[in-house]
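Just so it is clear, none of the values below were taken in a lab; they were calculated from the coordinates. Treat the numbers as computed from the prediction; the structure is a model and nothing was measured. Positions of Cβ are generated from backbone atoms using ideal geometry, with glycine treated the same way; all protein chains shown enter the neighbour counts.
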Amino acid sequence: MGRHLVIAAAQMGPIARTESRAAVVRRMIDLMRQAKALGAEVVAYPEATLTAFFPHWFTEDEDEVDAWFERDMPGPQTQPLFDEARRLGVGFHLGYCELDMSSGRKRRFNTSILVDASGRIIGKYRKIHLPGHSDHRPETPFQNLEKRYFEVGDLGFGAWQAWGGVAGMIICNDRRWPESYRVLGLQGADMIFCGYNTPVHHPAAPDHDRLGQFHNELSMQSGAYQNSAWVIGIAKAGMEEGVDMIAGSCIITPTGEIAARCSSAEDEVIVSRCDLDLGRSYRETTFNFARHRRTEHYQMIVERTGPTPP
Ligand code: CDT
């Protein structure tokens, strides 16, 4: 009898620039209720769920930037989501943009949290791999300004005891880097939540466009398999303020197979009954880290080849 957990991925369709937080939270609550009706114990939302993905636009107006961020979590507009989760008895994963004043200066992060069924925040992660650029590029059809609007996360890749297993988080571009998963795998993560906002078009390398969905799945399936963990990939999808974003939210088994996948580019829920012990035989054999990893040789390789070229 394995440890089983029913996990839902709550994909979000596009969010208009003018759409209020209250309206978005209503959409999220509707998805949470659908997930609960399907038996979900945990509901996972995308990266920066509460607004349109504003790094696609350039502004120098600090107040305009701050308006995309949450100062408190929960705050007045997100409290209904926490209340509904408690009423339904479900936990959730939420990506949002965090404005932190705790150090006495303003800091902005691309953040995600885990919330238990009592509405308590049990884990927080701040995105480490920030893609894009910090300068305005008016010649491109849209911007990718995460390096301008966010600081690199300062909390590391944490893992928490949650829902009968060990849970970790990564955010969007992190999923393309094997180190993100490995640091969680080394902490015994059974489930890794990953929200994303990924445009179909990559202005810096348009020849990659046709492979966007393939690379999405390739990254998450290999991260799952090589670390014997479930990976839950949750998209903000569809045509948002002129930027078409990939969909394909999916729940991936520790064998690297896709157990469930969204079929639309709109608000949509998928669920999977996840056996948290499914990765055990991989951890004990092919990916027995203690027996088979050769970290001393990885270091030798780095020393021989020298530092990464600029
Ligand atoms: N949000 C985010 O991290 N998006 C990036 C954009 C593409 S850069 C190749 C991503 O990795 O999906």
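Table for the structure above
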{"item": "Calculated FRET efficiency for the pair Glu64/His4, C-beta based, R₀ 30 Å, to 0.05", "result": "0.05"}
{"item": "Choice from Leu31, Leu88, Leu155 with maximal GNM fluctuation in the chain (Cα, 10 Å cutoff)", "result": "Leu155"}
{"item": "Which of Tyr45, Tyr149 has the fewest Cβ neighbours within 10 Å, and the rest in rising order", "result": "Tyr149, Tyr45"}
{"item": "Out-of-range pairs (alpha-carbon distance over 19 Å; input Lys106/Lys127; Lys36/Lys127; Lys36/Lys124)", "result": "Lys36/Lys127; Lys36/Lys124"}
{"item": "Paramagnetic reach from Ile122 in region 255-275 [backbone N under 17 Å; point 7 Å along Cα→Cβ]", "result": "274-275"}
{"item": "Spherically averaged projected area of region 4-305 from its Cα convex hull (nm²)", "result": "16.3 nm²"}
{"item": "GNM top mover of Asp66, Asp207, Asp174 - the chain, alpha-carbon springs below 10 Å", "result": "Asp207"}
{"item": "Highest-fluctuation residue, Glu284, Glu266, Glu98 considered, GNM on the chain with Cα pairs under 10 Å", "result": "Glu284"}
